[in-house]
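The values are calculated or read from the model by the stated rules, or taken from the named source; none is laboratory data. Predicted model only: the values in this text are computed from it and were never measured. Counting neighbours? That spans all protein chains shown, and the Cβs are built from the backbone with ideal geometry, glycine included.
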Amino acid sequence: MPAAAPSAANDPHTQLRRLYTSLLEEQHRFDEFKQLLTLYPAVDCEEESLEAREVRARLNARINEWLSGQFDGLSPAQVALWRSIVVEERINVAVSAWKETN
Amino acid sequence: MSGIDSLYAGFVSSLPEKLRPVAADLPRQLQLSATPSRAWGTVLGQPLALEAPRLVAPAFPRHEPEKVRTAVFAHALSVIEACGRDRVAERQLRASEELAKVLHALRRARDGMLDSVWPGAVELAVAADRATEEAIKEEHALLRRLSAVSFEDYRRISLAKLAVGFPAAVALARSAGASETQVEATQRALVGVALGLKFEDDAGDWEDDWRRGGGAWAVSLARRRLEAVKGQSADERPTEPDLVRRRVHRMRVLYLMLRAARHQYRTAWRYARAVGAEPLALFSEQRLRHLDGLLPLEARHAGYVVRALKLGAWASEVLT
């Protein structure tokens, strides 16, 4: 039996769009998002540290609240990319990784 | 390499050897983005910033292609030179003897080109230089002191600061036999677009401007509006970033700046259509449509324009 297609709300692309809209609409969310990303260690290693995992869990929990519980969570690679965009303000990061992970 | 970049490379090679490294590095020095680039189109963003005469040329059927090319390059040199002066005033660029000589050479090269487009253009350009110089000084003095500024003063100073952006297009129009009415309409269209772009930029980038320490128009405009609300002088000058941002948002200054930009684009569109400058009319119309979408969002979610810019590159890659 073929796997069921994800519902519109569960589609990763839709989830990212909703996160994006949520950040645009509320300054306090954008600030908190940035603050949590700042706490995420910017180290380039294969394995996510315990500290990093905790920060990512907090971030995902907050996003989940903002999106009323309809968010699967950001992966370590995605958080690292968000960090480079929002915290380090690097605009030419390799966003292709996003597309691959979604 | 774009036309402007190759022409600029020619300008650099015409300079005395010891000035060439400074001139060649100017694109990288003048840009504010973190991405190093030596392409002027990347550094200065909008095509209008570098190519205004090309956008108005179709309005004048008698224009000569060579004069359009010369006017475009003269315009670009003028904009680059003014941008250099602005960055020095903002202390983002270190003043040096070599830099001063490069800026002087830019003006001289521009004047030679303008003179070949239309005799009399140099006089316009020199007057515009003076207006821009004064406006840069006034702007930096006001913003650095965090002075309260009205929208009328903001428009007046911005227009004076942009003065160097008009003589080359006017010279081209005159050389192509434009009537006084056509010249007037052309200039009004260019003023509209230039002000619109400046208001938009000042709204979207205000947090970056503020962080660099030289003040920001949004903050000074908010202070003036706060005074109007309180009916007294706002002596306190908050420097704590969140407080400043809250004030800017509460006073709806970004919305008002974008609305002012929309008004300018509308004016530009009207005059560009009247004179037959279709590329300029099209550009104005595109900016109008963009702001028609953005204004309601900024009205509902203060600071939307800033956050949209911060996430814009990501969104255009990932969400499209």
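Residues considered: B:A105, B:A131, B:A82. Of these, the only one that is part of a helix (DSSP H, G or I), within 18 Å of the chain's Cα centre (by Cα) and surrounded by 19 or more Cβ atoms within 10 Å (Cβ to Cβ) is B:A82. Total residues in the range B:275-294 satisfying the condition of being surrounded by fewer than 17 Cβ atoms within 10 Å (Cβ to Cβ) and either small (G, A, S) or not in a helix (DSSP H, G or I) (or both): the figure is 2. Residue pairs whose Cβ atoms lie under 8 Å apart, separated by 6 or more positions or on different chains, with the first residue in the range B:140-156 and on the phi > 0 side of the Ramachandran plot and the second surrounded by 15 or more Cβ atoms within 10 Å (Cβ to Cβ) and of a type in the set (V, I, T), are B:L146/B:V219. With respect to B:A141, is the statement that it is aliphatic (A, V, I, L, M), out of contact with any Cys (no Cβ under 6 Å at 6 or more places or on another chain), in a helix (DSSP H, G or I) and at pLDDT 95 or above true? Answer is no for this residue. In this structure, does B:P36 turn out to be closer than 22 Å to B:A272 by Cα and modelled with pLDDT under 95? Answer is no for this residue.
Among the numbered conditions (1) part of a helix (DSSP H, G or I); (2) more than 30 Å from B:K230 (Cβ to Cβ); (3) of a type in the set (D, E, K, R), the only one that B:R91 does not meet is (1). When A:G73 is tested against (1) in contact (Cβ under 8 Å) with a residue 24 or more places away in the chain; (2) surrounded by 14 or more Cβ atoms within 10 Å (Cβ to Cβ); (3) in a loop (DSSP other than H, G, I, E, B), just one condition goes unmet, and that condition is (1).
Considering each residue of the range B:181-196 in turn, none proves to be at pLDDT 95 or above, over 16 Å from B:R273 (Cα atoms) and either aromatic (F, W, Y) or surrounded by fewer than 19 Cβ atoms within 10 Å (Cβ to Cβ) (or both). Looking only at the range B:48-72, residues that are at pLDDT 95 or above and among the aromatic types (F, W, Y) come to 0 in all.
Does B:V126 satisfy being touching a helix residue (DSSP H, G or I) at 6+ places or on another chain (Cβ under 9 Å) and surrounded by 15 or more Cβ atoms within 10 Å (Cβ to Cβ)? No. For the range A:18-51, a residue qualifies if it is in a loop (DSSP other than H, G, I, E, B) and either surrounded by 13 or more Cβ atoms within 10 Å (Cβ to Cβ) or not β-branched (V, I, T) (or both), and the qualifying residues are A:E26, A:Y40, A:P41, A:A42, A:D44, A:C45, A:E46, A:E47, A:E48, A:S49.
Per-residue answers, yes or no, for (1) in contact (Cβ under 8 Å) with a residue 12 or more places away in the chain; (2) under 30 Å from B:G112 (Cβ atoms):
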position: B:A171; (1), (2): yes, yes
position: B:E200; (1), (2): yes, no
position: B:V219; (1), (2): yes, no
position: B:R246; (1), (2): no, no
position: B:V253; (1), (2): yes, no
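Out of everything in the range B:305-320 that is over 23 Å from the mean Cα position of the chain (by Cα) and more than 7 Å from every other protein chain (Cβ to nearest Cβ), what residue ends up being farthest from B:L256 (Cα to Cα)? Here the answer is B:T320. The residue list B:E236, B:E240 contains one member that is within 14 Å of another protein chain (Cβ to nearest Cβ) and modelled with pLDDT under 95, which is B:E240.
For the range B:295-304, filtered to residues that are in contact (Cβ under 8 Å) with a residue 24 or more places away in the chain and away from every other protein chain (no Cβ under 11 Å), the residue that is surrounded by the most Cβ atoms within 10 Å (Cβ to Cβ) is B:L295. Looking only at the range A:55-74, decide whether some residue is within 11 Å of chain B (Cβ to nearest Cβ), at pLDDT 90 or above and touching a helix residue (DSSP H, G or I) at 6+ places or on another chain (Cβ under 6 Å). Within the range A:55-74 (the criterion being within 11 Å of chain B (Cβ to nearest Cβ), at pLDDT 90 or above and touching a helix residue (DSSP H, G or I) at 6+ places or on another chain (Cβ under 6 Å)), the answer is no, since none of the residues qualifies.
The requirement of being touching a Lys or Arg at 6+ places or on another chain (Cβ under 6 Å) and over 26 Å from B:R262 (Cα atoms) is fulfilled somewhere in the range B:82-103, by at least one residue.
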